[in-house]
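Have a look at the structure below, then the notes.
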Amino acid sequence: MAKNCRFAVAVHIASLLASMDGKACTSEWIAGSVNTNPVVVRRLLSALAKAGLVHSTRGSAGGSVLALGPERISLLDIHRAVDEEEEPALHNQPPNPDCPVGRNIQSVLVRVIERADAARDGVLSATLLSDVVGALKAEGK
């Protein structure tokens, strides 16, 4: 699955589990809601479980549930569970060091990207899974 989709699908999965009031859900059932392959769901559930956000049980009576209440899970927790941190995407080739722009552009861009990442992380850390679930309920009215 493309990196840019993992977070959205993981929030979908966690929101679905939160709305089930502790009832275990199979990856096949979750995949039906997400409209994707159960293998994709299982990979994301595995990442969420590794982060301590989900408990999964294998077997015919198995399924997944949230490990914590949705009021204790931030979207930043989910983001960090499923999206690997990567270095900022900069030039494929080093810019010309003899050019005043080329000599300094990467260090300037890194600082801008770091501020943007910090702003994103601030919003995600302040947004709880319970906020998402509440917004979903409000949308459904």
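The values are calculated or read from the model by the stated rules, or taken from the named source; none is laboratory data. Everything quoted here is computed from the prediction, not taken from an experiment. Note: ideal-geometry Cβ built from the backbone for every residue, glycine included; neighbour counts use all protein chains shown. Please note that ligands, DNA and RNA were not included when accessible areas were found on the heavy atoms of the full protein model with its side chains. Shrake-Rupley method; radii C 1.70, N 1.55, O 1.52, S 1.80 Å.
Eigenvalues of the alpha-carbon gyration tensor of the stretch 1-69, scaled by 5 and square-rooted, set the equivalent ellipsoid semi-axes at 17, 13, 11 angstrom, largest first. The length gained on full extension between Glu71 and Ala138, counted as 0.36 nm times the residue separation minus their Cα-Cα distance, comes to 22.4 nm. Between the Cα long axis of helix 129-139 and the first principal axis of the chain there is an angle of about 70°, rounded to the nearest 10. Accessible surface area normalised per residue over the chain is 63 Å², counting heavy atoms of protein chains with a 1.4 Å rolling probe.
When nucleic acids and ligands are ignored and a 1.4 Å probe is applied, Glu85 ends up with an accessible area of around 130 Å². In this rough spin-label picture, where each label sits 7 Å from Cα along the Cβ direction, the Val39-Gln106 distance is 3.7 nm. Residues His12, His55, sorted by accessible area with the largest first, give His55, His12 [1.4 Å probe; ligands and nucleic acids excluded]. Rolling a 1.4 Å probe over the protein heavy atoms leaves Glu28 with an accessible area of roughly 110 Å². Give me the angle, in degrees from 0 to 90, between the Cα long axis of helix 3-18 and the longest principal axis of the Cα atoms of the chain, rounded to the nearest 10. The answer is roughly 30 degrees.
In the chain, the portion of solvent-accessible area held by carbon and sulfur atoms comes to 54 percent [1.4 Å probe, whole percent, DNA, RNA and ligands not counted].
This structure gives Rg/Rh (Cα atoms, Kirkwood Rh), computed directly, and of (i) 1.03; (ii) 1.00; (iii) 1.12 that value is listed as (iii).
Between 0 and 90 degrees, the angle of helix 100-126 with respect to the longest Cα principal axis of the chain falls at about 20 degrees. You can think of it this way: the chain between Ala89 and Ile113 has 7.7 nm of extra reach, that is 0.36 nm per residue less the Cα-Cα gap. At the residue level, Cys25 shows approximately 0 square angstrom of accessible surface with a 1.4 angstrom probe and all protein chains present.
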